[in-house]
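The values are calculated or read from the model by the stated rules, or taken from the named source; none is laboratory data. Since the model is a prediction, treat every value here as computed from it, not as a measurement. So basically every Cβ, Gly included, is an ideal-geometry build from the backbone, and we count neighbours across all protein chains shown. These accessible areas exclude ligands, DNA and RNA; they are computed on the full protein's heavy atoms, side chains included. Shrake-Rupley method; radii C 1.70, N 1.55, O 1.52, S 1.80 Å.
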Amino acid sequence: MISLPEARATEIQRRLADAHIDLLLLTDPDSIYYVSAYWGDLGIEFGRPSILAVPRAGDLTLITPYMESEMAGAMTWVSDIRTYRDGEGNEWADPLGELIDNRDAAAIAVERYQIP
């Protein structure tokens, strides 16, 4: 039996396929929680966003600060958790860029008013 957040993710993926969107990037903490059951301590307002990547098909990816990775692993059903460290490289932009580069994502949707 899948959890409610997993069922929500499945429905979102169905809708992404219907809309021909390859990847959805969620950055609002409420949206991330709704789909993944993960709630980070600090967020976009502190310059430390968590990002949930929801592909049209396949596994979701959570990008979160390294210091919150243990908590994230305990809270969410999402198994692909990628981290970044404050002050290293381009911080959250590095794992996000790597994620996008490794996917065939021609159409990417974002939460327009919540993207860092």
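Some notes on this structure:
- A 1.4 Å probe run over segment 1-72, with the rest of the protein chains in place, finds 50 Å² accessible per residue.
- Test item: Cα-centred dipole of the chain, Lys/Arg +1 and Asp/Glu -1 on Cβ, debye: 340 debye
- Whole-percent carbon and sulfur share, accessible surface of the chain, 1.4 Å: 51 percent
- Here's the picture: charge each Lys and Arg Cβ at +1 and each Asp and Glu Cβ at -1 in the chain, and of 93, 5, 113 the one pushed furthest to the positive end of that dipole is 5.
- In a DSSP loop and with at most 16 other Cβ atoms within 10 Å, the chymotrypsin sites (Phe, Trp or Tyr not before Pro) in segment 1-86 are 39, 77.
- Prolate/oblate/rounded label for the chain (Cα gyration tensor, a/c 1.5): oblate
- Taking Cβ atoms as reference points and 13 Å as the exclusive limit, the residues near residue 77 contribute a net charge of -2, counting Lys and Arg as +1 and Asp and Glu as -1.
- Antiparallel content of DSSP bridges confined to the chain, in %, to 5: 45 percent
- The loop-placed trypsin sites (Lys or Arg not before Pro) in segment 57-116, going by DSSP, that have at most 15 neighbouring Cβ atoms within 10 Å of their Cβ come out as 85, 112.
- Alpha carbon centroid spacing (whole Å) that separates segment 78-99 from segment 15-42: 16 Å
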